[in-house]
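To keep things clear, I will list the structure first and then write my remarks on it.
The values are calculated or read from the model by the stated rules, or taken from the named source; none is laboratory data. Everything numeric in this text was worked out from a predicted model, so none of it was measured. Note that each Cβ is placed from the backbone with ideal geometry, even for glycine, and that neighbours are counted across all protein chains shown.
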Amino acid sequence: MKNQEKKAAAPMSEEKRQNKLKRRKKLKYGGLATAVTAIFVVVVILVNVIVSLIGNRFPNAVLDLTTSNVYEISDETLDYIRDLDQDVEIAVSSDESTFQTDKYYKMISETISKYQGYSDHISVTYFDTTKDPDILAQYQELYGGTISSGKIIVTSGKRIKVYDCFSDMFELDQQTYQYYQYGMASLTDCITGFKGEQTLTSAIMNVTDSNPKAVGVIAQSNGELIYSQTQANYYAVSAAQSLLDSNGYDVTELDIVTDTLDTEQYDILLLPAPAQDLTTDAIAKIKDFLYNDGNLGKQLIYIADYTQSSTPNLDAFLKEWNVQIDRSVVRDEDSSSQTVSTLSGKGKVPIAYVNADEDDKGYDGNLNNTSLPVVAPLTRPIDALTANNGRTVTSLLTTSNTSYRYPLSDASGDTASADDVPEETTEDAAEAETEAAETTTSFNVSAAERSENTVMALCRDQQSTGSEFIESDVIVLGSMSLLDYNLVQDSAYNNAEYFVGLLNSICGKEDSIVIAAKDLSQTSISATETQLKTIRTLVVFLIPLAVVVIGVIVAVRRRWR
């Protein structure tokens with residue numbers, strides 16, 4: 001017993017004491033390291049949560065490094081949705097998880113999320129059509145068609161617009177899309193551009209519009225397409241319809257023979273370049289629409305084109321509105337021209353200038369960027385006639401005084417010569433003009449008279465009822481190519497914005513935003529100079545500096561312990 005007490009009382013050896021201190025030190029620093037690691041993990045999680053919240057609350061704080069700024073929203077859209085004073089619901093008829101796995105679906109979900117982040121009046125819902133039949137039923141009640149899976153539904157009050165996630169949210173290459181229909185390509189192979197912003201903004205404008213306008217597009221005559229069936233014309237009509245629909249107009253295709261031009265149902269008619277002359281009965285239907293039982297208040301958009309044959313009935317109708325369209329196309333190889341690529345081909349075409357004298361009447365198109373040109377490919381000139389019938393003609397777009405008129409061949413009484421199309425024509429357009437090309441007559445360009453030429457005009461019939469003025473209008477365009485598919489989709493030209501802005505002013509519709517689709521053909525990541533500078537500062541300076549400071553602090557603490 002005594003030996004045990006002596007043994008317990010014996011002083012600890014120096015070696016054991018040092019080992020004990022080392023173990024205690026290891027435990028201390030090990031615990032500190034664990035605590036630091038735990039704190040770091042917590043901080044990382046909190047930073048991610050905070051960044052996610054900031055991204056949702058302030059969408060513009062999220063950097064978009066894609067080449068075409070796929071996830072960015074234009075200033076015009078931002079201004080519009082920030083000023084919304086009506087509640088809008090965007091519903092997606094698919095599970096939200098589906099829109100996080102596919103890269104194309106993710107473009108849609110991210111864009112929708114930004115809309116919600118910028119406006120408290122916009123709410124977003126995802127639902128499954130099979131699991132949530134009650135939600136589907138409430139939308140189905142407002143919509144005349146069938147709502148299936150993969151639709152984007154935009155509603156406000158009792159108004160609704162429904163879009164397909166692919167065909168309405170993305171630009172599709174039409175040739176590849178034909179391969180897809182035959183099972184020779186995938187749907188994603190067809191995608192060339194993202195037009196999610198264009199679709200969503202137009203949908204919101206449409207469902208919140210307090211003054212909706214309905215457009216009847218006279219696309220057929222007795223079941224046949226009314227215009228010359230070239231590729232350029234087909235897609236120009238499609239582009240015009242899409243442009244109107246995207247800016248809040250309700251668009252319906254009509255047949256001039258079998259359909260009624262109901263003044264109660266339609267505010268505006270669009271007549272795209274009939275290849276053959278209209279019958280007297282068809283002309284009478286258009287006249288009755290514009291007269292509207294003496295109440296006027298209607299508009300007709302008439303588009304001429306070089307592909308038209310002789311149209312004496314249409315010419316007589318236009319003459320009553322004090323205009324005639326010359327059998328020629330306007331050309332200009334001077335500085336007031338620009339080389340453009342249209343579906344008809346590539347070549348130099350005249351630049352059309354907005355009539356500045358009419359700005360106070362709202363005929364300037366309310367353009368956001370007046371430095372961008374309006375170009376006029378293959379456009380027939382419009383001449384004003386003098387008549388004492390109370391109707392006025394206003395020149396809206398004119399070419400420069402260096403332009404001249406190149407005559408269309410009338411030798412066969414058919415369509416224009418192939419020489420009237422740009423040098424690099426599409427196969428479709430060239431084939432359509434082969435027969436007339438054989439009858440082309442020579443023309444001395446150097447001796448041609450140079451002068452300004454009107455390529456778009458407004459004919460107005462205004463009458464007084466005693467207390468107010470009422471009016472009907474005929475808007476005349478000299479070419480289908482003014483609304484060429486390529487030009488309408490290209491934000492480098494003002495063709496689309498001017499057309500929509502002018503129509504809005506004339507028919508009393510206020511809101512319009514023309515948005516170009518975002519090109520997805522380039523997949524590399526890019527950044528603006530400001531973004532690059534921010535990333536460079538963070539990676540090259542701030543992060544290394546933080547590491548150095550932490551290292552110095554740790555070294556100093558270890559040195560003095």
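I'd like the residue in the stretch 174-207 that is surrounded by fewer than 21 Cβ atoms within 10 Å (Cβ to Cβ) and hydroxyl-bearing (Ser, Thr, Tyr) and, out of all such residues, is modelled with the lowest pLDDT. The qualifying residue modelled with the lowest pLDDT is Tyr177.
Determine, yes or no, whether Arg327 is charged (D, E, K, R) and touching a Leu at 6+ places or on another chain (Cβ under 6 Å). Here the answer is yes, as Arg327 does meet what is asked.
Among Thr260, Thr252, which is the only one that is surrounded by fewer than 15 Cβ atoms within 10 Å (Cβ to Cβ) and in a loop (DSSP other than H, G, I, E, B)? Talk me through it step by step, then tell me what you get.
Working: Thr252 fails: in a loop (DSSP other than H, G, I, E, B).
Result: Thr260 is the single residue among Thr260, Thr252 that is surrounded by fewer than 15 Cβ atoms within 10 Å (Cβ to Cβ) and in a loop (DSSP other than H, G, I, E, B).
The set of residues in the stretch 183-198 being touching a residue at least 40 places away in the same chain (Cβ under 8 Å) and in contact with a helix residue (DSSP H, G or I) (Cβ under 7 Å, 6 or more places away or on another chain) consists of Thr188, Ile191, Phe194, Gly196, Glu197, Gln198.
Scanning the stretch 463-493 for residues that are more than 22 Å from Asn369 (Cβ to Cβ), modelled with pLDDT of 90 or more and out of contact with any Pro (no Cβ under 7 Å at 6 or more places or on another chain) turns up Ile470, Glu471, Ser472, Asp473, Val474, Ile475, Val476.
Is it fair to say Ile112 is part of a helix (DSSP H, G or I), modelled with pLDDT of 80 or more, out of contact with any strand residue (DSSP E or B) (no Cβ under 6 Å at 6 or more places or on another chain) and within 30 Å of Leu187 (Cα to Cα)? Considered against the rule, which asks whether it is part of a helix (DSSP H, G or I), modelled with pLDDT of 80 or more, out of contact with any strand residue (DSSP E or B) (no Cβ under 6 Å at 6 or more places or on another chain) and within 30 Å of Leu187 (Cα to Cα), Ile112 comes out as no. Highlighted here are the strands (runs of 3 or more DSSP E) found entirely within the stretch 299-384 that include at least 1 residues which are acidic (Asp, Glu) and at pLDDT 90 or above: 382-384. Please verify whether the stretch 198-214 includes one or more residues that are farther than 25 Å from Ser344 by Cβ, part of a loop (DSSP other than H, G, I, E, B) and under 21 Å from the mean Cα position of the chain (by Cα). Within the stretch 198-214 (the criterion being farther than 25 Å from Ser344 by Cβ, part of a loop (DSSP other than H, G, I, E, B) and under 21 Å from the mean Cα position of the chain (by Cα)), the answer is yes, since at least one residue qualifies. Does Leu296 satisfy being among the aliphatic types (A, V, I, L, M), outside any loop (DSSP other than H, G, I, E, B), touching a residue at least 60 places away in the same chain (Cβ under 8 Å) and over 19 Å from Pro407 (Cα atoms)? No; evaluated as a whole, the condition is false for this residue.
Out of Ala387, Ala436, Ala448, Ala411, one residue alone is at pLDDT below 85, more than 29 Å from the chain's Cα centre (by Cα) and either aromatic (Phe, Trp, Tyr) or in a loop (DSSP other than H, G, I, E, B) (or both). It is Ala411. If you go through the stretch 146-173 and keep only what is touching a Lys or Arg at 6+ places or on another chain (Cβ under 7 Å) and surrounded by fewer than 16 Cβ atoms within 10 Å (Cβ to Cβ), you end up with just Asp164. One residue alone among Tyr163, Tyr126, Tyr180, Tyr104 is without any contact (Cβ under 8 Å) to a residue 12 or more places away in the chain and among the aromatic types (Phe, Trp, Tyr), and that residue is Tyr180. Every condition in (1) over 18 Å from the mean Cα position of the chain (by Cα); (2) surrounded by 15 or more Cβ atoms within 10 Å (Cβ to Cβ); (3) assigned to a helix (DSSP H, G or I) is met by Asp128 except one, and the failing one is (3).
Here Gly294 fulfils each of the conditions (1) closer than 19 Å to Ser481 by Cα; (2) at pLDDT below 95 apart from (1).
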